[in-house]
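Q: Dropping the structure in here first, questions after.
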Amino acid sequence: MTDQRLKSGAVIREWELSCQEVTRFCAGVEEDIEQFIYSIFYEFDEQYEPRFSLFTRLWKESKLGLIFCGRESFRELYDFTDHIMLTTKKYVRAELNDKPNNVLIRYAALYCLYAFYLKQPCRPKVKVKLSYEEFLELESLIEEARKGLHHDVLYAWSKLIACHAFQYSVVSAHKGVEVARRLDKKDPEVSLIQNSANSYLKSKDFRGVMRRLTKAHTNYTKMKASFMKGNTDTMLSLQSIDEEIIEAIEDIAKED
């Protein structure tokens, strides 16, 4: 009887933890996009060609364009659109889940980027963040489409380029302390994400990183000062670092 009560109590606690989880504003988006892209892929595979007319028919039937509706604030809409772009972009890559990606899936994902970018209600528009490696992969994909005389794909790509849809960057995802702060700080009255007190910028992990960074910065500053005492020539490379970078990061982390 005691074992049964303990088991029952454990089940209740598990249910409570499950029910207390706060749903993210982008919950289910990745599954919806994946399902839609693969539905286009199956249609392309059946028709033996990546025609844009097939994409538009499935786009209208799925009513995926309504995915932007129902957002409670511009901030949520902007973050939501950005998440859609990042999710869709991974299907354009040459590899998907560490395996070579099918070219028809990549064409379908490119059509989706074209549609999502032009249909989004955000002003200014959310751009697709693109690293140099990703750009080379897309160039290779477009060259393959050119050889296959897939003019629909070429038009979608040209339209994205003409509309300045890409934000060219060193990295493919958002990085930096400012971005971490923006993603962590949400409007409590409009966001479905809890602003946890144990956020990364207040965590032990972040403090440990800051201690190591402070130590490295201090050692570098001392070494630079010692080196420049014996050298009269001004070296621009030694002057490029911000002397107050640690204080700047601390100020960003302390912002409410």
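Q: Relative contact order of the range 44-161: what whole-number percent is it, with Cα pairs under 8 angstrom and at least 6 residues apart?
A: Values: 93 pairs, mean separation 35.8, N = 118.
Averaging sequence separation for qualifying contacts and normalising by length gives 30 percent for the range 44-161.
Q: Here is a further query. Report the extension gain between GLU244 and TYR132 in nm, rounded to one decimal, defined as 0.36 nm multiplied by the number of residues separating them, less their alpha carbon distance. Walk me through the numbers on the way to the answer.
A: On the way: separation 112, 0.36 × 112 = 40.32 nm, distance 3.06 nm.
The span from GLU244 to TYR132 would gain 37.3 nm if fully extended.
Q: Starting from 0.36 nm per residue, how many nanometres of slack lie between LEU86 and ASP251 once their C-alpha separation is accounted for? Working shown, then result.
A: Numbers: separation 165, 0.36 × 165 = 59.40 nm, distance 2.91 nm.
Gain in length upon complete extension: 56.5 nm.
Q: Also: Once amide H atoms are built 1.01 Å from N in the peptide plane, which residues 5 or more positions from SER131, or in another chain, come under 5 Å H to H?
A: SER169
Q: Report ³J(HN,Hα) in whole Hz for each residue of the range 210-223, in order, from the Karplus equation J = 6.51 cos²θ - 1.76 cosθ + 1.60 where θ = phi - 60°; Gly and Pro get x.
A: Karplus values, whole Hz, x for Gly and Pro: 5, 5, 5, 5, 4, 5, 5, 5, 5, 5, 5, 5, 5, 5.
Q: Please list, ordered by chain and number, the residues whose modelled amide H lies under 5 Å from the amide H of LEU96; skip anything fewer than 5 residues away on the same chain.
A: ASN101
Q: Using the beta-carbon distance between SER158 and ALA216 and R0 = 41 Å, what value does 1/(1 + (r/R0)^6) give for FRET efficiency, to the nearest 0.05? Let's see the in-between values first.
A: On the way: r = 46 Å, r/R0 = 1.13.
Result of the calculation: an efficiency of 0.35.
Q: Test of understanding: what is the full-extension gain from ASP205 to ARG57, defined as 0.36 nm times their sequence separation minus their Cα-Cα distance? List each step's numbers first, then the result.
A: Details: separation 148, 0.36 × 148 = 53.28 nm, distance 4.88 nm.
Once the chain is fully extended between ASP205 and ARG57, it gains 48.4 nm.
Q: Something else: Rolling a 1.4 Å sphere over the protein heavy atoms, what is the accessible area per residue of the range 76-122, to the nearest Å²?
A: Values: 1670 Å² over 47 residues.
So the range 76-122 comes to 35 Å² accessible per residue, rounded to a whole number.
Q: Residues with amide H under 5 Å of PHE166's amide H, sequence separation 5 or more or different chain, H placed in the peptide plane at 1.01 Å from N; which?
A: Residues meeting the criterion, in which the H sits 1.01 Å from N, are VAL128.
Q: Using the alpha carbon gyration tensor of the range 37-80, what are the three equivalent-ellipsoid semi-axes (square root of 5 times each eigenvalue), largest first, in whole Å?
A: So the three semi-axes of the range 37-80 are 29, 10, 7 Å.
Q: Rounded to the nearest 0.05, what FRET efficiency is calculated for LYS125 and VAL171 with R0 set to 25 Å and r the Cβ-Cβ distance?
A: Details: r = 21 Å, r/R0 = 0.82.
Efficiency computed from Cβ-Cβ geometry: 0.75.
Q: Please report how far the C-alpha centroid of the range 28-70 lies from that of the range 107-157, rounded to the nearest whole angstrom.
A: 15
Q: May I ask you to evaluate 6.51 cos²θ - 1.76 cosθ + 1.60, the Karplus curve with θ = phi - 60°, for each residue of the range 43-57 and list the ³J(HN,Hα) values in order in whole Hz, giving x for glycine and proline?
A: 5, 4, 5, 6, 8, 6, 6, x, 7, 5, 5, 5, 5, 5, 5
Q: What list of ³J(HN,Hα) values in whole Hz, one per residue of the range 116-127 in order, does the Karplus curve 6.51 cos²θ - 1.76 cosθ + 1.60 (θ = phi - 60°) give from phi, with Gly and Pro shown as x?
A: My calculation for the range 116-127 gives 5, 5, 7, 8, 5, x, 5, 9, x, 5, 6, 8 Hz in order.
The values are calculated or read from the model by the stated rules, or taken from the named source; none is laboratory data. It should be emphasised that the depicted structure is a prediction, and the values quoted were computed from it without experimental measurement. As a convention, Cβ positions derive from the backbone with ideal geometry for all residues, glycine included, and neighbour counts pool all protein chains shown. Protein only, heavy atoms only, side chains kept; ligands, DNA and RNA dropped before computing areas. Shrake-Rupley method; radii C 1.70, N 1.55, O 1.52, S 1.80 Å.
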